1. In 5 Å bins starting at 0, how do the alpha-carbon pair distances of the stretch 142-196 split up by percent?
2. Under a 5 Å amide H to amide H cut-off, with H placed in plane at 1.01 Å, what residues pair with LEU23 once short-range neighbours are removed?
3. Given 0.36 nm per residue, what is the gain on full extension from GLU156 to VAL226 after removing their alpha carbon distance, in nm?
4. List, in order, the whole-Hz ³J(HN,Hα) value for each residue of the stretch 148-153 obtained from phi through the Karplus relation with A = 6.51, B = -1.76, C = 1.60 and θ = phi - 60°; use x for Gly and Pro.
5. Give the dimensionless ratio obtained when the Cα radius of gyration of the stretch 107-224 is divided by 2.2 N^0.38 Å.
6. Across the stretch 190-197, in residue order, what do the Karplus-derived ³J(HN,Hα) couplings come to in whole Hz, using 6.51 cos²θ - 1.76 cosθ + 1.60 with θ = phi - 60° and x for Gly and Pro?
7. Count the DSSP beta bridges whose two residues both fall in the chain, then state the antiparallel fraction as a percent rounded to the nearest 5.
8. Looking at the stretch 29-60, which trypsin sites (Lys or Arg not before Pro) are DSSP coil and have at most 11 other C-beta atoms within 10 Å of their C-beta?
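The values are calculated or read from the model by the stated rules, or taken from the named source; none is laboratory data. No experiment lies behind these values; they were computed from the predicted model shown. Counting neighbours? That spans all protein chains shown, and the Cβs are built from the backbone with ideal geometry, glycine included. Ligands, DNA and RNA are excluded from the accessible area calculation, which covers all protein heavy atoms including side chains. Shrake-Rupley method; radii C 1.70, N 1.55, O 1.52, S 1.80 Å.
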Amino acid sequence: MSEKQLPASPLDEPEASPEPGWLPIREVARQTGVNPVTLRAWERRYGLILPRRTAKGHRLYNDAHVARIHAVLAWLNRGVAVSQVRELLDREPPSDAEAAPDSPWQVLQTELLAAIEALASRRLDSLFDQAGALYPTPLLCERLLQPLLAELERRERAGAGLEHAFFLSWLRTRLAARVHQHNRQGNGAPLLLAGLGGPPLEPGLWLCAWLATATGSPLEVLDGPVSLTELELALPRLAPRALLLHAAQPLSAAQLRQLGRLAHGSTLPLLLAGPAAAVQREALASLPGLLLAEDPPAALQALQNLPARAPEEPPCAS
């Protein structure tokens with residue numbers, strides 16, 4: 001099977017037997033945010049990370065490997081192509097003031113735009129799989145998909161609406177498939193994600209869901225818009241670990257009041273993501289316990305910072 005055909009799931013390699021000082025690939029993926037598909041591609045294609053192998057062939061990583069992964073991420077975050085990182089790893093990690101080398105993102109965006117203009121879904125599949133095998137999902141979202149969506153929304157030429165609709169439909173299908181695959185391997189209390197309004201096929205909710213697979217929790221996605229009143233009916237049925245709401249447009253006065261009641265009346269971790277979190281930050285900041293995230297990568301960071309759900313205590317004996 002080629003690298004681009006490998007499923008992009010953080011749970012796709014069997015757990016190796018724990019050994020002191022060594023971590024299986026699943027745990028390294030959880031700690032670093034780099035999924036196993038990408039870790040294996042960095043190893044096989046570029047020799048960036050060379051883990052130890054067990055007798056059964058499972059990869060094991062130590063603290064030095066984890067530090068090296070973070071060094072790779074530091075260079076990627078500066079816009080360095082993954083193919084150029086190896087020669088830079090012996091240098092100090094780049095500072096924010098350091099000029100980035102030529103970025104691969106513009107090339108990738110141009111190739112994706114050409115596939116969109118041709119309405120070539122198979123070409124999109126191939127380009128997305130290739131990029132997904134080499135770069136962590138938050139970086140793909142921030143540096144490739146979000147700028148690409150913004151570019152498509154700005155276009156006013158003939159056919160722009162068709163191309164935008166085609167890409168949104170393709171993107172939702174692909175990201176929903178990733179979430180479905182992730183849910184087949186997860187267990188425990190789910191994260192509940194719901195849209196509070198916006199245009200049809202609003203991509204922000206699905207970008208949040210795609211990134212949230214990195215938390216390891218199963219996901220329940222209500223591809224809205226869903227009213228907050230009806231959403232409250234889902235909470236006792238699903239018993240979610242946390243609730244992520246995505247709002248692509250400013251909330252109405254009625255929605256703000258409903259969100260306030262939900263925030264005051266529930267101990268469930270509550271996160272509002274999307275443009276509304278930026279536009280209405282001042283009004284939303286007064287709601288108790290409400291976390292705000294302006295874009296999907298920020299939403300993932302907030303979810304990863306949530307405390308682990310404590311196990312329920314057994315009832316006391318009478």
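1. Per 5 Å bin, starting at 0, the Cα pair percentages come out as 4, 15, 18, 20, 17, 12, 8, 4, 2, 0.
2. For LEU23, the qualifying residues are TYR61, ASN62.
3. Values: separation 70, 0.36 × 70 = 25.20 nm, distance 3.05 nm.
So the extension gain works out to 22.2 nm.
4. 5, 4, 5, 5, 5, 5
5. Values: Rg = 14.6 Å, N = 118, 2.2 N^0.38 = 13.5 Å.
For the stretch 107-224, the normalised Cα radius of gyration comes out at 1.08.
6. Values per residue, Gly and Pro as x: x, 8, 9, 10, 8, x, 9, x Hz.
7. Values: 5 of 22 bridges.
If we restrict to bridges inside the chain, about 25 percent are antiparallel.
8. Numbers: sites: ARG30, ARG40, ARG44, ARG45, ARG52, ARG53, LYS56, ARG59; in loops: LYS56.
Here the sparse-neighbourhood loop sites are LYS56.
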